[in-house]
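Everything below concerns the one structure shown next.
The values are calculated or read from the model by the stated rules, or taken from the named source; none is laboratory data. It should be emphasised that the depicted structure is a prediction, and the values quoted were computed from it without experimental measurement. Cβ placement follows ideal geometry from the backbone for every residue including glycine, while neighbour counts extend to all protein chains displayed.
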Amino acid sequence: MTAAVMGSSRFDMGRVITRTFGVIGRNFVVFALLALVVAGIPAAVVRYFAQEVAAGVAFDARLGASIANLISFLASCVLQAALIHGTISDLNGRKAVFGDCLSTGMRFLLPVVGVSILTGLAVALGFLLLIVPGVLMALAWCVNVPVVVVERRGVTSTFSRSADLTRGSRWPILGLFVAYLLTAWVIDVLGVMITHGFNIASMSSGFNPAEWILMTIAQVVQSLIGAAGIASLYYELRSTREGVGAQQLASVFD
């Protein structure tokens, strides 16, 4: 498979999608456990406080929601780095190991947080400027986190590196993003339908345990697909633009 990928000089959306779900399938237990522990539990806490706030609970619930959101953001940064490690290891023919993935996630927490905050602020500003600049920046910098984790670049130089890797492939990358957003939307809708059926009136503002559990599972699935997908996208860009294979990428974790 690696030889076939390296022999192609054109970016292939289908290959990214196939690789993403192939990696998840081969390492489902480890990846699902990482997503549950690192992203799912914080997401469950955030959702609980969000439902409490929606129900009109006092200030302590709002404070709890703010703290939970911060923890959830930090957890998502750990998960991204952890699954990048697992994905690159898998593509090099090695099984992802829970401890190794989590260790990488923790080790790169601060740089991933830094680049994520800078990317988010810049993209948000771009969206305020008639939306299009925000979309263009999001596409250019979409592999910032893999660049930090795999290439171990500084936070600021990461932006130019990601922009260089994505240059010439941003339309198909946009297609991948749209496909992911549609998938995430379908997962959310299915969760709501399973919980409430088609009875919109049953969607109360108070805490709903069934909805809480199902939407937490949905968040875990979305996080898993998103993080593995970004890692697979980065691998596709490196292999098609530079002829770099999984073994060279994985060597940074040795």
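Table for the structure above
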item	result
Count of residues meeting criterion [within 15 Å of residue 149 (Cα to Cα), touching a helix residue (DSSP H, G or I) at 6+ places or on another chain (Cβ under 7 Å) and assigned to a helix (DSSP H, G or I)] in the range 108-123	7
Residue 126 crowded, with 16+ Cβ neighbours inside 10 Å and part of a helix (DSSP H, G or I)	yes
Pick from the range 89-118, criterion touching a residue at least 40 places away in the same chain (Cβ under 8 Å) and among the basic types (Lys, Arg), ranking: nearest to residue 26 (Cα to Cα)	95
Test result for residue 16, in contact with a Leu (Cβ under 7 Å, 6 or more places away or on another chain), modelled with pLDDT of 90 or more and either closer than 20 Å to residue 215 by Cβ or buried (at least 19 other Cβ atoms within 10 Å of the Cβ) (or both)	yes
